[in-house]
1. Please count how many residues of region 137-160 are surrounded by 15 or more Cβ atoms within 10 Å (Cβ to Cβ) and either near the ligand (Cβ under 9 Å from one of its atoms) or within 20 Å of Pro104 (Cα to Cα) (or both).
2. Cβ-Cβ distance below 8 Å, separation of 6 or more or different chains: which pairs start in region 196-225 with a residue that is without any contact (Cβ under 8 Å) to a residue 24 or more places away in the chain and end on one that is among the β-branched types (Val, Ile, Thr)?
3. So, in region 160-199, exactly how many residues are of a type outside the set (A, V, I, L, M) and assigned to a loop (DSSP other than H, G, I, E, B)?
4. Quick one: in region 185-195, of everything that is surrounded by fewer than 21 Cβ atoms within 10 Å (Cβ to Cβ) and in contact (Cβ under 8 Å) with a residue 12 or more places away in the chain, which residue is farthest from Ala220 (Cα to Cα)?
5. Being away from the ligand (no atom under 11 Å from the Cβ), surrounded by 13 or more Cβ atoms within 10 Å (Cβ to Cβ) and under 19 Å from Asp87 (Cβ atoms) is the filter here; which residues of region 18-63 pass it?
Amino acid sequence: MKIRLPGIFKRRKRREDDDPRVRVTRDISPSDFVLVNDQSYIYREKVLPQASTVEFWEGSGLVNFLANSPFLKSEILDVGCGSGEIDIILAGKGFTVTGIDISPYAINMAQALAEKYPHCRDRVRFVAGDMESISFERRFSSAIISHTFEHVINPDRVMENVIRFLEPGSHILVAVPNKKAWRDRTHLRYYTERSMKKFLSRYSDSPIVDVDNHERMIFASAKTRS
Ligand SMILES: C[S@@+](CC[C@H](N)C(=O)[O-])C[C@H]1O[C@@H](n2cnc3c(N)ncnc32)[C@H](O)[C@@H]1O
């Protein structure tokens, strides 16, 4: 007997089937990891092209959390900056931002997008690299790690390397999906309010962790130890 699926399930299945990306596992090779992150942006341009625009992100809950945080200070390091829309918005608000991402494809998109915003172009810089191992010749006064911890191979290595390049006592602002709010074959782990607090407590004495049920996100701020 053929079972008829309601439309919503059919649509979800078709979308999964269309997704050309391999499922990421922690033992993926470094070159495949870069490739799959490149593919994420190629895929997103196909299925959600509006997400590669500044207008899509402006006024979003994520941008409001970052831009209104009393802890966000220029110079910002944005870890896993992707295609740069959020950094361009922050630069438009007067912040200076260095975005780093492991996907050269995303960094090319970010650089091309910044060219369209001459009034803030001088306040954003985009670098392709792996935050687990990259070195900077300078320090930053705050960091953003937005929708990235669920993707990285080793969150502790990322955190340790970010802190190396922050002024002591700087804040790190974090956003992740709440639990399994978004399922994605490139997610390696999911966070709850409790697990995020536990993770950040390894690096910060009193991290602030909030669940935003409307946005289906966990927002956190962690002051690094001096
Ligand atoms: C979902 S995107 C987040 C983009 C953006 N921050 C946002 O909030 O929309 C996650 C990003 O993390 C990047 N990424 C994953 N591992 C990384 C690493 N080790 N170093 C730097 N970037 C990494 C991916 O290439 C991807 O662009």
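No value in this document is a laboratory result; all are computed from the given coordinates. Because the structure is a prediction, the values reported are computed rather than measured. Positions of Cβ are backbone-derived with ideal geometry, glycine not excepted, and every protein chain shown enters the neighbour counts.
1. Total meeting the criteria: 11.
2. Lys197/Val209; Val209/Ile218; Asp210/Ile218
3. Keep residues of region 160-199 that are of a type outside the set (A, V, I, L, M), which gives 160-161, 164-165, 167-171, 177-180, 182-187, 189-195, 197-199.
Narrowing the set further to residues that are assigned to a loop (DSSP other than H, G, I, E, B) leaves 165, 179-180, 182-187, 189-190, 192.
Of the residues in that region, 12 qualify.
4. Start the filter on region 185-195 by keeping residues that are surrounded by fewer than 21 Cβ atoms within 10 Å (Cβ to Cβ), which leaves 185-190, 192-195.
Subsequent filtering for residues that are in contact (Cβ under 8 Å) with a residue 12 or more places away in the chain retains 185-190, 192-193.
On the way: Arg185: 24, Thr186: 22, His187: 19, Leu188: 19, Arg189: 17, Tyr190: 15, Thr192: 11, Glu193: 9 Å.
This residue is Arg185.
5. Glu45, Thr53, Val54, Glu58, Gly61
Yes or no, residue by residue, for (1) under 17 Å from Tyr41 (Cα atoms); (2) free of Cβ contacts under 8 Å to residues at least 12 places away in the same chain; (3) in contact with an Asp or Glu (Cβ under 8 Å, 6 or more places away or on another chain); (4) near the ligand (Cβ under 10 Å from one of its atoms):
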{"position": "Leu72", "(1), (2), (3), (4)": "no, no, no, no"}
{"position": "Gly84", "(1), (2), (3), (4)": "yes, no, no, yes"}
{"position": "Ile88", "(1), (2), (3), (4)": "no, no, no, no"}
{"position": "Ala91", "(1), (2), (3), (4)": "no, no, no, no"}
{"position": "Ile107", "(1), (2), (3), (4)": "yes, no, yes, yes"}
{"position": "Pro118", "(1), (2), (3), (4)": "no, yes, no, no"}
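Per-residue answers, yes or no, for (1) of a type in the set (Gly, Ala, Ser); (2) touching a Gly at 6+ places or on another chain (Cβ under 7 Å):
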{"residue": "Leu173", "(1), (2)": "no, no"}
{"residue": "Pro177", "(1), (2)": "no, no"}
{"residue": "Lys180", "(1), (2)": "no, no"}
{"residue": "Glu193", "(1), (2)": "no, no"}
{"residue": "Ser204", "(1), (2)": "yes, no"}
{"residue": "Asp212", "(1), (2)": "no, yes"}
{"residue": "Ser226", "(1), (2)": "yes, yes"}
